[in-house]
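The values are calculated or read from the model by the stated rules, or taken from the named source; none is laboratory data. Note that the structure is predicted; figures quoted are calculated from it, not measured. Here the Cβ positions follow ideal geometry from the backbone for every residue, glycine too, while neighbour counts run over all protein chains shown. Remember, those area values only see protein heavy atoms, side chains included, never the ligands or the DNA or RNA. Shrake-Rupley method; radii C 1.70, N 1.55, O 1.52, S 1.80 Å.
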Amino acid sequence: MLVTLGISAYRYYMIRSEEKAAVMLAASMNEYRKIAESKGAAGAFNQVKKGFNTIEKKYGGTQTAEFARMHFAGICYDAAKYKKADTLYQNIIKEMKTTHPMRGLVLMGAAYTKEALGDKEQAVVYFELALSSDGKSMEGEILYNLGRIYAALGQSEKSKDAYRRIVTEN
């Protein structure tokens with residue numbers, strides 16, 4: 001009986017934590033959108049980073065905090081805070097299960113970030129990982145980016161192959 005009570009109390013606590021974190025995340029995302037419209041992504045970044053950090057500190061073990069980290073990594077990218085975005089994406093990838101439904105999107109975010117940092121070779125690695133982890137849902141976009149980056153790296157055959165795959169596989 002005592003064990004059941006303990007388990008019930010823990011479940012209640014976790015559910016409430018998820019709910020509170022979700023409310024904070026929604027508020028932070030709404031604030032970001034409003035500020036970004038008027039001040040741009042960089043201006044919005046400075047005003048919402050505290051809210052995202054609070055979610056991480058107070059609710060770090062929740063799924064909502066995991067989604068907040070993903071969103072904040074994207075915000076960092078949009079604000080041209082590429083080193084911060086890269087650090088966040090690397091940490092998310094380390095912690096994320098290979099079967100996570102958002103893994104492909106996170107890998108794409110990491111790829112775009114690596115490219116923005118000038119590391120096209122690593123961008124290719126992350127786009128390839130995204131391609132193998134996500135299946136068909138983003139295949140066209142990933143292949144386009146691979147073709148574009150391979151061309152920039154002077155790998156014309158790989159570039160043509162990626163573009164050819166867009167036409168033949170989609």
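Judged by the mean number of other Cβ atoms found within 10 Å, the most tightly packed of the peptides 67-76, 43-52 leads the ranking 67-76, 43-52. P(r) for the chain, from all Cα pairs and a bin width of 10 Å, is 10, 30, 30, 19, 8, 2, 0 %, short bins first. Within the shell of other residues whose beta carbon sits under 12 angstrom from the beta carbon of E115, the net charge comes to 0, with Lys and Arg scored +1 and Asp and Glu -1. From the alpha carbon centroid of region 108-128 to that of region 40-62 is 24 Å. Accessible surface computed residue by residue for the chain, with neighbouring protein chains in place and a 1.4 Å probe, gives 59 Å² per residue.
Cross-link check: pairs K58/K97; K83/K120; K20/K81; K39/K120; K120/K160 evaluated at a Cα-Cα cut-off of 20 Å; pairs beyond the cut-off: K58/K97; K20/K81; K39/K120.
In order along region 137-145, the phi-based Karplus estimate (6.51 cos²θ - 1.76 cosθ + 1.60, θ = phi - 60°) of 3J(HN,Hα) comes to 5, 10, 4, x, 5, 5, 5, 4, 5 Hz; Gly and Pro are listed as x.
Between A26 and K94, the contour length at 0.36 nm per residue exceeds the alpha carbon distance by 22.0 nm.
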